[in-house]
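A.B. asks: Please see the structure below; I have some questions.
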Amino acid sequence: LNKLTPEKFDKLANDVVALEINNEARLRGVVRLLHDKALAEPIFSEAYAKLASRIAKIKAPSGENVGEAVTLRKVLLTSCQREFEATKDDRPQEQEKKFLAEIESLEPAEQKARKVEYEIARDLLQKRQLGNICFIGELFKLGMLKEAIMHECLIRLLSLSAANEASLELMCKLMSTIGHKLDHERATSRMDQYFHKISRILEKGQTTSRIRFMLLDLIDLKASNWVPRRDDTKPKT
């Protein structure tokens, strides 16, 4: 998958389809590799989603139910769901205070080492969450996920604590990715509810400047019929 580029896409997809995936363990191994790459490299989420769509129909005999088969599509979507559901309504500031209290009695050198470990783990988690949201959005655009599921994701992210800025960032990324497909006449009421909630969050003024500007940019994007002022989301080559 490190070789995945627009020029090599067809060949790589055909190579994956040609693999001897004759049992559930191998199929799950392919899914794990693909999903892990998507989580680690959000900027390439569109390419990984296209690959997933191309190989989605690959199936293998079930390891649990004799006579049944499992599809790559189902295993992948379940993996995405589990990753998303790991997003918790935790207040980062309170988490950090709790952590600092736990290491208060340690020696300065050990405190420093533990802080570095904590920050690395936090940053990796945030990157995984962002990668998963980007991947989910791209899968939806390719028809692999239903619109109702996208609404469930947005509702969950907006229902988390306003102090959980990571969830607000994920909501902004997902909405900016798929908003143009959700913003139609049948979903007007829901979209109005989302942006009313966003306006309320801005009015309270409890977010950092970075998140505030993300929310304002999202409002501007909707007002411009989802046409971005610039496209800086594509990988640079």
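A.B. asks: Can you list the HN-Hα couplings for the range 95-112, worked out from phi with the Karplus curve (6.51, -1.76, 1.60; θ = phi - 60°), rounded to whole Hz and with x for Gly and Pro?
C.D. replies: Taking θ as phi minus 60°, the curve returns 4, 5, 4, 5, 5, 4, 5, 5, 9, 4, 7, 7, 5, x, 5, 6, 4, 4 Hz for the range 95-112.
A.B. asks: May I ask you to give the percent of accessible area on the range 97-237 that is carbon plus sulfur, with a probe radius of 1.4 Å? Write down the numbers at each step before the final one.
C.D. replies: Working: 4510 of 8660 Å².
Heavy-atom surface of the range 97-237 belonging to carbon and sulfur, 1.4 Å probe: 52 percent.
A.B. asks: To continue, here is another question. Which whole-number percent gives the relative contact order of the chain, counting Cα pairs below 8 Å spaced six or more residues apart? Walk me through the numbers before you get to the answer.
C.D. replies: Details: 210 pairs, mean separation 46.1, N = 237.
Relative contact order for the chain comes out at 19 percent.
A.B. asks: Say R0 is 45 Å: what FRET efficiency, to the nearest 0.05, do E107 and N23 get from their beta-carbon distance? Mind dumping the intermediate values first?
C.D. replies: On the way: r = 51 Å, r/R0 = 1.13.
After rounding, the FRET efficiency stands at 0.30.
A.B. asks: Would you mind finding the longest exposed-site-free stretch of the chain, with exposed trypsin sites (Lys or Arg not before Pro) meaning DSSP loop and at most 15 other Cβ atoms within 10 Å? Each step should come with its number before you reach the end.
C.D. replies: Values: sites that count: K3, K8, K57, K88, K146, R229, R230, K236.
The answer is 147-228.
A.B. asks: Normalising by the residue count of the range 13-95, find the relative contact order in percent from Cα pairs under 8 Å and 6+ residues apart. Each step should come with its number before you reach the end.
C.D. replies: On the way: 65 pairs, mean separation 25.8, N = 83.
Value for the range 13-95: 31 percent.
A.B. asks: Shifting gears a bit: Residue-wise, which Karplus ³J(HN,Hα) couplings in Hz belong to the range 56-67, taking 6.51 cos²θ - 1.76 cosθ + 1.60, θ = phi - 60°, and x for glycine or proline?
C.D. replies: 4, 8, 4, 9, 9, x, 5, x, 10, 10, 4, x
A.B. asks: Now a separate question. Quickly estimate the mean residue ellipticity at 222 nm for the chain, helices only: each DSSP H run with n ≥ 4 gives -39500 (n - 2.57), and the total goes over all residues, rounded to 500. Walk me through the numbers on the way to the answer.
C.D. replies: Values: 10 runs with 159 residues, N = 237.
Dividing the helical sum by the residues of the chain leaves -22000 deg cm²/dmol.
A.B. asks: Still on this structure, please answer the following. Can you give me the relative contact order of the range 62-152 as a percent, contacts being Cα pairs under 8 Å and 6 or more apart?
C.D. replies: On the way: 20 pairs, mean separation 24.2, N = 91.
Reported as a whole number, the value is 27 percent.
A.B. asks: Find the Cα radius of gyration of the chain, compare it with 2.2 N^0.38 Å by division, and give the number to two decimals.
C.D. replies: Details: Rg = 20.2 Å, N = 237, 2.2 N^0.38 = 17.6 Å.
Dividing the Cα radius of gyration by 2.2 N^0.38 Å gives 1.15.
A.B. asks: According to the Cα gyration tensor, what semi-axes, each the square root of 5 times an eigenvalue, does the equivalent ellipsoid of the range 1-74 have, listed from largest to smallest in whole Å?
C.D. replies: Details: eigenvalues 111, 33, 17 Å².
Ellipsoid half-lengths, sorted descending, are 24, 13, 9 Å.
A.B. asks: I've got another one for you. Averaged per residue, what accessible surface does the range 102-173 expose to a 1.4 Å probe, in Å²?
C.D. replies: So the range 102-173 comes to 52 Å² accessible per residue, rounded to a whole number.
A.B. asks: Please list the non-local residues whose amide H lies under 5 Å from the amide H of V70, H modeled 1.01 Å from N, same-chain partners needing a gap of 5 or more.
C.D. replies: Hits under the 5 Å cutoff: A60, S62.
A.B. asks: Measure up K146/K181; K127/K173; K37/K97; K37/K197; K11/K57; K50/K173 against 23 Å on the Cα-Cα distance and list the ones that go over. Working shown, then result.
C.D. replies: Numbers: K146/K181 11 Å; K127/K173 12 Å; K37/K97 32 Å; K37/K197 33 Å; K11/K57 17 Å; K50/K173 19 Å.
Result: K37/K97; K37/K197 exceed 23 Å.
A.B. asks: In what order, largest first, do T208, T177 sit by accessible area if the probe radius is 1.4 Å? Mind showing how you got there, number by number?
C.D. replies: Numbers: T208 65, T177 15 Å².
Largest to smallest exposure gives the sequence T208, T177.
A.B. asks: I want to check the label-to-label distance for S62 and E119. Put each point 7 Å from Cα in the C-beta direction and report it in nm to one decimal.
C.D. replies: The two pseudo-label positions are separated by 4.9 nm.
A.B. asks: According to a simple spin-label model (label point 7 Å from Cα along Cα-to-Cβ), what is the distance in nm between S209 and A223?
C.D. replies: 2.1
A.B. asks: Return the equivalent ellipsoid semi-axes of the range 77-158 as a descending list in whole Å, where each equals the square root of 5 times an eigenvalue of the C-alpha gyration tensor. The partial results should precede the final answer.
C.D. replies: On the way: eigenvalues 245, 34, 12 Å².
Values for the range 77-158, descending: 35, 13, 8 Å.
A.B. asks: Quick one: check the C-alpha center-to-center distance for the range 36-74 versus the range 115-190, whole angstrom.
C.D. replies: About 20 Å separates the Cα centre of the range 36-74 from the one of the range 115-190.
A.B. asks: Let me ask something else. Which percent of Cα pairs goes in each bin when the distances of the range 20-63 are cut into 5 angstrom slices starting at zero?
C.D. replies: Final binned percentages: 5, 23, 27, 22, 14, 7, 2.
A.B. asks: Please report, to two decimal places, log10 I(q)/I(0) for the range 102-213 at q = 0.10, 0.13, 0.16 Å⁻¹ as given by the Debye formula with identical point scatterers on the Cα atoms and no solvent.
C.D. replies: Debye output, listed in q order: -0.40, -0.60, -0.80.
The values are calculated or read from the model by the stated rules, or taken from the named source; none is laboratory data. These numbers come from a predicted model, not from an experiment. Heads up, the Cβs are rebuilt from the backbone with ideal geometry, glycines too, and the neighbour counts pull from every protein chain shown. With ligands, DNA and RNA removed, areas are computed over all heavy atoms of the protein, side chains included. Shrake-Rupley method; radii C 1.70, N 1.55, O 1.52, S 1.80 Å.
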